[in-house]
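Notes follow once the structure below has been shown.
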Amino acid sequence: KQLGADDQGHHTCETEENEWCDQVHVPDRLVVSGSDPADNDAVASFTGLENANDVQFCVVSEPMMSSQAYSLVIVKVKEGVDANALAKKMNENVNLRKWICVEAEKVYTTSSGDIICLVMSSEEMAKPVYEKFKTLAGGIGEEYERAAEAAIMPEDMLPGQDIPAADGDMVPAV
């Protein structure tokens, strides 16, 4: 497989994953294959999986820089791998806060044959992309959906709590 970039900086791979990318617009793509093993940190970031052992290829669309969390991941599993089970594992383990400053509100995951689709963002952005995949895929496996957990502020930062000053004295809450 050859991995390159077109004149607009979009990564391309000359294999069957282009069929999926052409139907669901994917501006930036990363290909992970058994013949070209990827960095396990990148695999974990995109898929929530510990490694690419069960992955034949992975196509990812994410902005290089944005104030909006968004990720679309299309995975083709290797022969003999249960795509539905892997889709569930990806949904449970992908980090909705991987961008540090922003968090995906929802993550949707399903499989169709040996292809897995994971999309995460705000519900308004993620749901239409996910629905488009389901329409293109035809028959799908189980559907998995997860919402971001509400952030919990540490008790010592809640309103009405005394705040420690630099010298160790407590500053009374206002």
Using unit Cβ charges (K, R positive; D, E negative) and no other charged atoms, how large, in debye to the nearest 20, is the dipole of the range 39-151 about its Cα centre? 160 debye
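If you average 1/r across every pair of different Cα atoms in the range 61-159 and take the reciprocal, what Kirkwood value do you get, in Å?
Numbers: mean 1/r = 0.0697 Å⁻¹.
For the range 61-159, inverting the mean 1/r across all distinct Cα pairs yields 14.3 Å.
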Treat each spin label as a single point 7 Å out from the Cα along the C-beta direction, and report the Glu142 to Ser67 distance in nm. 3.9 nm
Sites Asn53 and Ile100, calculated FRET efficiency, Cβ-Cβ separation with R0 41 Å, nearest 0.05: 0.90
Counting only residues 5 or more places away or on other chains, whose amide H sits under 5 Å from the amide H of Gln56 once H atoms are built in the peptide plane? Lys76, Val77, Lys78
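At a threshold of 8 angstrom on Cα-Cα distance, excluding pairs fewer than six apart, so keeping six or more, what relative contact order does the range 46-142 reach in percent?
On the way: 189 pairs, mean separation 26.9, N = 97.
Relative CO of the range 46-142 lands at 28 percent.
Classify the range 35-87 from the C-alpha gyration tensor, please: rounded if a/c falls under 1.5, else prolate or oblate depending on whether a/b exceeds b/c.
It comes out prolate by the Cα gyration axes.
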When the Karplus curve 6.51 cos²θ - 1.76 cosθ + 1.60 is applied with θ = phi - 60°, which whole-Hz ³J(HN,Hα) does each residue of the range 77-89 get, with x for Gly and Pro? 7, 5, 4, x, 8, 6, 4, 5, 5, 5, 4, 4, 4
Set Lys78/Lys98; Lys76/Lys132; Lys76/Lys106; Lys106/Lys132; Lys78/Lys106 screened for pairs whose C-alpha atoms are more than 20 Å apart: Lys78/Lys98; Lys76/Lys106; Lys78/Lys106
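Throughout, read-outs are computed from the coordinates displayed, never taken from laboratory work. Just so it is clear, the model here is predicted, and its values are computed rather than measured. Note that we place each Cβ from the backbone using ideal geometry, even for glycine, and neighbour counts take in every protein chain shown.
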